[in-house]
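Any read-out appearing in this document is the output of simple, stated calculations on the displayed coordinates, not a laboratory observation. Small disclaimer: the values here were computed from a predicted structure and weren't measured. All Cβ positions, glycine included, derive from the backbone under ideal geometry; neighbour counts span all protein chains shown.
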Amino acid sequence: MAIAPGTPLLRQLRAELTNVADPQKAPRMQGYMRAWSESDNLWKRRSSILSQLRFKDQTDPALLNDCICPSVGSREFFLRKAIGWALRQYAKTDPEAVAHYVSRERGGAKRPEPARGDATDREEADPVTEKRGPWMKAPAELVERFAAGVAGIDGLEPRKMFGYPAGFVGGNMVTGLHADNWIVRLGEDDRSSLMAQGWETFAPMPGRPMREYLILPAAIAADPEAARGWVERAADYGRTLPPKAPRKVR
């Protein structure tokens, strides 16, 4: 990123960072932010973490995760403060996603920093298999099946849960994707019966199970009709839960 002669660095930096949300300029600027997130320069790292601070519902969760990930294990005060600030601001838009992320990080082992690479290398990475911190992007065909599986179900609201497609009923998540898994939220009787048949409890991190969520077996997730049946069952269970009032975004 070239700095214009005679322009104060911080002023131009702020102007350039607004391009992270510009559809035409986003790929270039997001490449810079991902590269900066791994820089040896503390202030570049911090700037990448805070690059979407005021974007609210325009925040790109995958970019936020990518910029935070290399600094998660750091003991540097300014990086830790930046991570807290960025997550606190995004929590005003999607509190459940941030709570889910923090829960995962608390239960995870310290990860090594990703290999360094320039912005071009990152932009050309395979969008399906590229790792994103503690997550892997969901396969495109699974995302399509999920969209069809939740469409038209009464009271089910499609949303994103930290970058993954999800479905909510009354403010409670009842189904969603995580990497290449499709998960559903079911009542105790259903869970007991299905686990006896070999279904697995969803655990985003080892030792951190989400008690009410099960992973659809691969054969069911690959069958649109069967998968939709379990989504409808999850939506029925969601209707029995106390609704959550939407939080106001300040």
Ser103/Arg28 FRET efficiency (R0 30 Å; Cβ-Cβ; nearest 0.05): 0.35
Cut-off 9 Å between beta-carbons: net charge of the residues surrounding Leu214, Lys and Arg +1, Asp and Glu -1: -1
Rounded FRET efficiency, nearest 0.05, which uses the C-beta distance separating Trp85 from Asp154 and R0 of 35 Å: 0.35
Length gained when the stretch Leu53-Glu188 is fully extended (0.36 nm per residue, less Cα-Cα span): 44.6 nm
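Figure the gain on full extension for Glu141 and Ser39 (residue separation times 0.36 nm, minus the Cα-Cα span) and round it to one decimal in nm.
Contour length minus Cα-Cα distance gives 33.3 nm.
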Per-residue HN-Hα couplings for region 213-227 [Karplus 6.51, -1.76, 1.60; θ = phi - 60°; Hz; x = Gly/Pro]: 10, 10, 8, 5, x, 4, 5, 6, 4, 7, 9, x, 5, 5, 4
Cut-off under 5 Å, modelled amide H: who pairs with Val174 long-range: Gly167, Phe168, Val169
